[in-house]
Ligand code: AMP
Ligand code: ZN
């Protein structure tokens, strides 16, 4: 999608600190981390938000938690724990309109 920052990262037009990639996802470090470990699990397909997920996308999302578990282990945070967050829309504070899941960890997280 033209003008989309995450599409640019996926296409290699913008640099990123990428720690994982497969057919459906890339995982990068957030440029503005709010916790010691702050990763973004990003669909390679441009899907603007959870609201835009369609039935044929179910294959993509069947693996999203497996990817989360894999990168949590890779980062060494699987034992102490982590939080997975998806913001959808304005009131949730979604600023990048391309599906991504935050993985937050590395220190005690504030209660929701
Ligand atoms: P959200 O509020 O869920 O849309 O969060 C978007 C996240 O993307 C924020 O935590 C930003 O810091 C992060 N972000 C924006 N641009 C970049 C970038 N170029 N590289 C890495 N993370 C980014
Ligand atoms: Zn995009």
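Could you please let me know if residue 67 is modelled with pLDDT of 95 or more and crowded, with 17+ Cβ neighbours inside 10 Å? So residue 67 fits the description; yes.
Across region 54-70, the number of residues qualifying as without any contact (Cβ under 8 Å) to a residue 24 or more places away in the chain and in a loop (DSSP other than H, G, I, E, B) comes to 2. Residue 109: part of a strand (DSSP E or B) and touching a residue at least 40 places away in the same chain (Cβ under 8 Å), yes or no? In short, no. Apart from one condition, residue 73 fits all of (1) outside any loop (DSSP other than H, G, I, E, B); (2) closer than 22 Å to residue 7 by Cα; the exception is (2). Kindly indicate whether residue 35 is assigned to a loop (DSSP other than H, G, I, E, B), at pLDDT 95 or above and touching a strand residue (DSSP E or B) at 6+ places or on another chain (Cβ under 6 Å). Criteria met by residue 35. Residues that are more than 25 Å from residue 58 (Cβ to Cβ), within 15 Å of ligand 2 (Cβ to nearest atom) and surrounded by fewer than 16 Cβ atoms within 10 Å (Cβ to Cβ) within region 9-34 comprise 12, 13, 14, listed in sequence order. Restricting to region 80-94, and then to whatever is assigned to a loop (DSSP other than H, G, I, E, B) and either more than 16 Å from ligand 2 (Cβ to nearest atom) or over 13 Å from the mean Cα position of the chain (by Cα) (or both), can you tell me which residue is farthest from residue 4 (Cα to Cα)? By that ranking, first place goes to 80.
Here is a check on your reading of the model: is residue 9 outside any loop (DSSP other than H, G, I, E, B), over 18 Å from residue 76 (Cα atoms), within 11 Å of ligand 1 (Cβ to nearest atom) and in contact (Cβ under 8 Å) with a residue 12 or more places away in the chain?
Details: outside any loop (DSSP other than H, G, I, E, B): yes; over 18 Å from residue 76 (Cα atoms): yes; within 11 Å of ligand 1 (Cβ to nearest atom): yes; in contact (Cβ under 8 Å) with a residue 12 or more places away in the chain: yes.
Yes.
The values are calculated or read from the model by the stated rules, or taken from the named source; none is laboratory data. Values in this document were obtained by computation on a predicted structure and should not be read as measured data. Using ideal geometry, Cβ is built from the backbone for each residue, glycine included, and neighbour counts are taken over all protein chains shown.
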